[in-house]
Amino acid sequence: MKREIPVDHNAELDLYTRTYYSLLRSTGDVEVRTFEEAHAYSKSTLHEGALNPTPDLAAFAYAAGRLPESIVQTERLILGQSHELFEAAGYDVRKWRVERTRGRRRPLRFDGHATLAVFIASASDIDDLVPIVTAYQIEWNKMHACLQDAPAGVVPKPAELARLLGIAVEDVPRLAAAFGSKKTFEHGIREIIARPLRLKLRMLSASYSQYQRAAQRWWGGVEPTYIRKTPPRRPPVYFISSNTHAIANLLGGYTRAHLGPISSWVKKEDHEGLGAELKNAETAKDEAKRLSILYYCLRGYIHAKNDRMQEVRDFEAKGGLLHLSEPGHIDVDAQIFEIKKMDHAHIDPRLDVRGLDKLKKSDAVIINIDYPLGMAAYHLLSRVGQGVGEIRGIHVMGKAATLNGRVGDVMISGTVFDEHSRNTLLFKNAFSARDVMPYLVHGSVFDSQRALTVRSAFLQNKEYMSGFYQEGYTVLEMEAGPFLSAVYELVNPTRVPYGEIIHLTPSTPFDVGILHYASDTPYSRRQSLLSKSLSYFGVDSTYACAIAIVRRIFAREVQVQSGAGTSIRP
């Protein structure tokens, strides 16, 4: 069904994307400064101060958190889709140093001097990376201009640094946090004083088929664990996209089996100041809060001892949960959980649905993957659909910005407008507010919402968002549209169309459920998380969503094992 899209393309944003895609077709280096004008005049909500001579610390911190610490040394970024492409261009990236960022799980390699290799898994990586790098350079050069009077090689004291930059003294720690560590901060400030930033980008010949090939390599790393030697060789699948800690903590059982040691460690170390909170939860016999604290602290507990991660993995494997790290050398971790092997004594008690014992007869597995970015979601789910047996459910948990709620709220949408395909996708969401609300302590749940799948966090401005808001779109996120496009192709004989209204419900024989928890409020800079992590506060909404998803899967599978078919009663 053809129709007009709810909002016209925003001219400034459209110009920006056309600018960098056209320039990146070049076979040589492209200077990032050629993107700066289009970037600044796009008036991105994440970079509202781009044209202001005073540094926009929020934008710089957001960008810095999604770039590796080696960006301070970097002069050139090479974008490619595979090791083979890099090597064909003369870059032996397999020997380069692996780099990580705090805010993106994107494979990076640094040559130790000035060149950073960036692996892209879909066009969304380009839409994400270019604005991040451009914002970073704009703000670096603003700070360089402000610090011209600072002595070379010396980091000014906080008060002097604030005066030179024209910011409040209390904002200096925020700037320091943007660099990740005190050492990196001091090195970064010295580099900013010493020189302007003149980054260059080069994109190796990117192609759609290479994105598909990357998805195939990823599935090639997952499939040997999924395929069985005995029937059914390709067992039924419940697919989840979430993170690798919530599902593992709820189903793996390690925390509940080791409550004493983990609790003692949290209290002794007062991990992130949560020792007192844990004691209060124990005194009040608040098991849900106690588990939330221990789940959150488990990462610190694991890393406090070198061999503890292997201990956790071995324990979880006995209960049917296997972890696959970077399958096919693609940086999207996966977990495979055999439902019949789970230890009912150790799973989270909030997962206890009626008839749980019937799951001991189940042949089904849960495949959980770690938050793919944008169009990577489409490529990976499409490949999963080609490689598995019966799909019984597709459930997505993701972060989103909310235009009408608060950080920590949960939004449930039945309508998604996808900027990639320009389609409006209508579907029956498997979840409603009543599925999440019992497990959410601090926030609210809003169902019957409309979601907008954006191409990048930077590629939106208030004018654009206001237009969608007037049409009732209140959730801004990055994966629902690509996932639903893949769902369309799983149940239809044609490719997903362009610029249409698509009703998925009549043709979809399996559960489709999408939940988003609010991590940002772009209409309120005061509440915006831009450079902050959800931290422990995020445990509440994350686990409320994860519990709702697993309970839904268990309830559906109980019905299957009871001979009631694959439909779920509302």
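The values are calculated or read from the model by the stated rules, or taken from the named source; none is laboratory data. Given the structure is predicted, the values throughout are model-derived calculations rather than measurements. Don't worry about glycine lacking a Cβ; one is built from the backbone with ideal geometry, like all the others, and counts go over all protein chains shown.
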**Item:** Residue that is farthest from the chain's Cα centre (by Cα) [pool: residues in the range 115-146 that are farther than 29 Å from A162 by Cα and of a type in the set (G, A, S)]
**Value:** A117
**Message:** Between a residue in the range 493-511 that is closer than 12 Å to A430 by Cα and any residue that is small (G, A, S) and surrounded by 12 or more Cβ atoms within 10 Å (Cβ to Cβ), which pairs come within a Cβ distance under 7 Å, given they are 6 or more apart or on different chains?
**Reply:** F510/G393; D511/G393; D511/A430
**Message:** F446 - would you say it is more than 20 Å from the chain's Cα centre (by Cα), assigned by TED's automatic domain parsing to the domain that holds H516, assigned to a strand (DSSP E or B) and surrounded by fewer than 24 Cβ atoms within 10 Å (Cβ to Cβ)?
**Reply:** yes
**Prompt:** Out of the residues in the range 360-371 that are out of contact with any strand residue (DSSP E or B) (no Cβ under 7 Å at 6 or more places or on another chain) and assigned to a loop (DSSP other than H, G, I, E, B), which is farthest from R106 (Cα to Cα)?
**Reply:** S362
**Item:** Boolean, Q212 is over 25 Å from D29 (Cα atoms), under 22 Å from the mean Cα position of the chain (by Cα) and among the polar types (S, T, N, Q)
**Value:** yes
**Message:** in the same structural domain as L129 (by TED's automatic domain parsing) and in contact with an Asp or Glu (Cβ under 9 Å, 6 or more places away or on another chain): which single residue out of T19, T45 fits that description?
**Reply:** T19
**Message:** Between a residue in the range 127-154 that is free of Cβ contacts under 8 Å to residues at least 40 places away in the same chain and any residue that is not acidic (D, E), which pairs come within a Cβ distance under 7 Å, given they are 6 or more apart or on different chains?
**Reply:** D149/L164
**Message:** Condition first: more than 26 Å from M375 (Cα to Cα), surrounded by 15 or more Cβ atoms within 10 Å (Cβ to Cβ) and out of contact with any Lys or Arg (no Cβ under 8 Å at 6 or more places or on another chain). Can you find one or more residues in the range 196-209 that meet it?
**Reply:** yes
**Fill in**
For the range 154-193, the count of residues that are within 31 Å of the chain's Cα centre (by Cα) and in a helix (DSSP H, G or I) equals 20
**Message:** So if I check each of R392, R455, which one is touching a residue at least 12 places away in the same chain (Cβ under 8 Å), of a type in the set (D, E, K, R) and part of a loop (DSSP other than H, G, I, E, B)?
**Reply:** R455
**Prompt:** Only one of (1) surrounded by 22 or more Cβ atoms within 10 Å (Cβ to Cβ); (2) modelled with pLDDT under 95; (3) assigned by TED's automatic domain parsing to the domain that holds D370 is not met by H245, so which one is it?
**Reply:** (1)
**Request:** Working carefully through the options S456, S413, S432, find the one that is buried (at least 21 other Cβ atoms within 10 Å of the Cβ), modelled with pLDDT of 95 or more and hydroxyl-bearing (S, T, Y).
**Result:** S413
**Request:** Among the residues of the range 321-336, count how many are crowded, with 23+ Cβ neighbours inside 10 Å and farther than 17 Å from A215 by Cβ.
**Result:** 2
**Prompt:** Any residue in the range 259-269 that is assigned to a loop (DSSP other than H, G, I, E, B) and either in contact with a helix residue (DSSP H, G or I) (Cβ under 9 Å, 6 or more places away or on another chain) or closer than 28 Å to R76 by Cβ (or both)?
**Reply:** no
**Prompt:** Does I78 fit the bill of being β-branched (V, I, T) and assigned to a helix (DSSP H, G or I)?
**Reply:** no
**Item:** Residue in the range 96-116 that is of a type in the set (F, W, Y), outside the structural domain of A215 (by TED's automatic domain parsing), part of a loop (DSSP other than H, G, I, E, B) and under 18 Å from L85 (Cα atoms) present
**Value:** yes
